[in-house]
Amino acid sequence: MECGILQTSPEELSLYGMENSHLASMRIRRYALRTDGFVSVNGGFASGEFTTPPFKFSREPSKSQPSHLAINFSTSAVGSIQVEMQDADGNPVPGRSISDCPQIYGDSIERVVVWNDGPVVREFAGKPIRLRFVIKDADLYAFNFR
């Protein structure tokens, strides 16, 4: 592999490798993967879930207050992801439980999570929360607050 990883688009990272470097058939090969696609949490067809440890998200002094949770994910045609916000003790936050989150499916680098009463999570900034993800036949690569 050559040195470095390049972001070749907002959705893609590229790595380059030399093949047959000491032969006449030498060539450079480009490998591409999705942004944040080095590792994922995978839920099989039977479904799986995981819960983060408690954490706080907050704004940086030069940025506006985070107001949405976005996920980087990919599901199969029958797969889905749902997200629940919990307090630090693991209790679902009213309006942000699994039953309040419609199934999310598709393939997106940055899809905003929407619960029945909307996507805004600004009121939770600076408070300890957990996120519970229910994942069926899908990969979750990353999440962030924006």
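Below, the figures for the structure above:
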quantity: Out of Val83, Val134, Val114, sole residue that is within 30 Å of Glu12 (Cβ to Cβ), open to solvent by 60 Å² or more (accessible area, probe 1.4 Å) and modelled with pLDDT of 95 or more; calculated: Val114
quantity: Qualifying residue in region 59-66 (condition: of a type in the set (S, T, N, Q), closer than 18 Å to Gly126 by Cα and without any contact (Cβ under 8 Å) to a residue 60 or more places away in the chain); calculated: yes
quantity: Candidates Phe45, Phe50 - the one that is hydrophobic (A, V, I, L, M, F, W, C) and open to solvent by 70 Å² or more (accessible area, probe 1.4 Å); calculated: Phe45
quantity: Output for region 118-131, where each listed residue is open to solvent by 50 Å² or more (accessible area, probe 1.4 Å) and either hydrophobic (A, V, I, L, M, F, W, C) or closer than 17 Å to Val39 by Cα (or both); calculated: Val120
quantity: Entirely in region 28-133, the strands (runs of 3 or more DSSP E) that have 1 or more residues that are more than 19 Å from the chain's Cα centre (by Cα) and over 30 Å from Gly17 (Cα atoms); calculated: 69-87
quantity: Of all residues making up region 3-34, the number that are more than 21 Å from Ser74 (Cα to Cα) and open to solvent by 90 Å² or more (accessible area, probe 1.4 Å); calculated: 10
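The values are calculated or read from the model by the stated rules, or taken from the named source; none is laboratory data. Worth saying up front: this structure is predicted, and the values here are computed from it rather than measured. With ideal geometry, Cβ positions are generated from the backbone for all residues, glycine too; neighbour counts draw on all protein chains shown. Ligands, DNA and RNA are excluded from the accessible area calculation, which covers all protein heavy atoms including side chains. Shrake-Rupley method; radii C 1.70, N 1.55, O 1.52, S 1.80 Å.
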